[in-house]
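I have placed the structure first, in the form of structure tokens, so that the comments after it can refer back to it.
The values are calculated or read from the model by the stated rules, or taken from the named source; none is laboratory data. Quick caveat, the model's predicted, so the values are computed rather than measured. Cβ placement follows ideal geometry from the backbone for every residue including glycine, while neighbour counts extend to all protein chains displayed.
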Amino acid sequence: HLLQCAGLRILIDCGMFQGRQHTDEENARAFGFEPSEIDVLLLTHAHLDHCGRIPLLVKRGFKGEIICTAPTRDLAELIMMDSAKIQEEDAARATRQRRRQGKSPITPLYTIPDVLAALKRFGRVVAYEEPLKISEGVDARFINAGHILGAASVVIDAVEEGKSRRIVFSGDIGNRGHQLLPHPTPPPTADYVVVESTYGDRQHRPLDGSIKELLEAVRETLSRGGNVIIPTFALERTQEVLFYLAKGIDEDVFAANTPVFLDSPMAISATEIFRAHPEGFRDHLRRGMSRGADPFVLPGLRLTRDVVDSILINRVRGGAIIMAGSGMCTGGRVRHHMKQNIWRKECSIVFVGFAALGTLARDIIDGAKSVRLQGKDMPVNAKIYTINGFSAHADQQELLDWLGTTGKPRMTFLVHGERDGGMEGLRQELERKGLPVRCPELHEVVDL
């Protein structure tokens, strides 16, 4: 979102398009504004769909300051570096194919040097509730969004030509059931609100039931002598699952010495960043971490960064939990582990995150009898679990509760949702309350 006020041009987030058919073309298109004219970028959190095009923004001329929380700064570096590596690898692969066809090479959207240049634009690091002076007439405040570590909603108070406006940008709002992070901070009354609507049309199932289902799936599989394969997203979901597995050991659901392989260099690095920022956790966890407790350590946890160590996991024929990316099984080491285990009836594949249409994870969830892995058709004989209660996004009622503290804004803008799904569901509920609502189009300009 681009906010123009008091002579400033303020960008809120700069993320990548994801999950659609033509995302490469969409991500490479012009921004719809001149990057060199942006004065400051306020980054709400480090997910790719919020920070993923920052290196491209800098590459195309942005020379302003990027402001965010400390955890977001560290996590954004990890996410953007990984994205650049993927961009470079994909471009190199496509270029090899095109050269065989006598075609011109493919240029990556951005490279690792582009990320290093972008990191130099990161300036002030802010704490939640800390007053932030952007310029004369423009003040901001980051409040806890409860979505992932360091995630924030942004409150902007602007004065221009004697007129004052308060605009709240939600970023992504967290699920109140989250056991690691504090609940989202209720926003203040506002003139305008820009709010996400990912799950604006539904309620989440209770988290306790999902945790119980996860631990029961692990217990049953280990009792059969099989391996548990958990495709995981490196950021947030991995750390949540480790936390819940530790809880399972404390409750004697499975043995403390059960081997748990975290086979994802990116997830290992993300977990290290989580440990470095205890200020982002719930009070009791923060106090425990200050005394040396680690919420992400299990007695049998084994971290495998090296490819050779990853391959050696093949020798483990049963009795282990293997966590690896990618969460949707579109790539990464999890595909290798699935090839070794998906055909075995004693094993289980446990999905704990969203799976987009067209991904391998979604095919398996939808009941595929066989899948192609590393050039071979493999029968799906393992038991498949789909556990949907671990969402990091607020559901409809949580969104309505969050919006309830903003008073009666002149307009609430719904973004970050499917137009015929979350966005439409939330729009109907807000209009039922008599609140003015707008679902803006890309590049639409609104006078506040």
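Annotations for the structure displayed:
- Taking the listed residues G32, G64, the one that is small (G, A, S) and under 29 Å from E279 (Cβ atoms) is G64, with no other qualifying.
- Selection of the stretch 5-56 for residues being assigned to a loop (DSSP other than H, G, I, E, B), of a type in the set (A, V, I, L, M) and either crowded, with 18+ Cβ neighbours inside 10 Å or outside the structural domain of C68 (by TED's automatic domain parsing) (or both) yields M16, I38, L43, A46.
- Single residue of the stretch 164-179 satisfying the filter (more than 14 Å from A145 (Cβ to Cβ) and modelled with pLDDT of 95 or more) that is surrounded by the fewest Cβ atoms within 10 Å (Cβ to Cβ): S164
- The listed residues are I66, I79, and the only one of them that is part of a helix (DSSP H, G or I), of a type in the set (V, I, T) and on the phi < 0 side of the Ramachandran plot turns out to be I79.
- Being surrounded by fewer than 20 Cβ atoms within 10 Å (Cβ to Cβ) and at positive phi holds for only one residue in G288, G292, and it is G292.
- Selection of the stretch 132-153 for residues being in contact with a Gly (Cβ under 7 Å, 6 or more places away or on another chain) and part of a strand (DSSP E or B) yields A152, S153.
- Checked against (1) out of contact with any strand residue (DSSP E or B) (no Cβ under 7 Å at 6 or more places or on another chain); (2) modelled with pLDDT under 95, S223 passes all but condition (2).
- Residue within the stretch 91-109 that is at pLDDT 95 or above, surrounded by fewer than 18 Cβ atoms within 10 Å (Cβ to Cβ) and out of contact with any Leu (no Cβ under 9 Å at 6 or more places or on another chain) present: no
- Complete set of residues in the stretch 411-434 that are assigned to a loop (DSSP other than H, G, I, E, B) and in contact with a strand residue (DSSP E or B) (Cβ under 6 Å, 6 or more places away or on another chain): H416
- Matching entry among M323, M266, M289, M328 (being assigned to a helix (DSSP H, G or I) and either closer than 30 Å to G375 by Cα or in the same structural domain as G174 (by TED's automatic domain parsing) (or both)): M266
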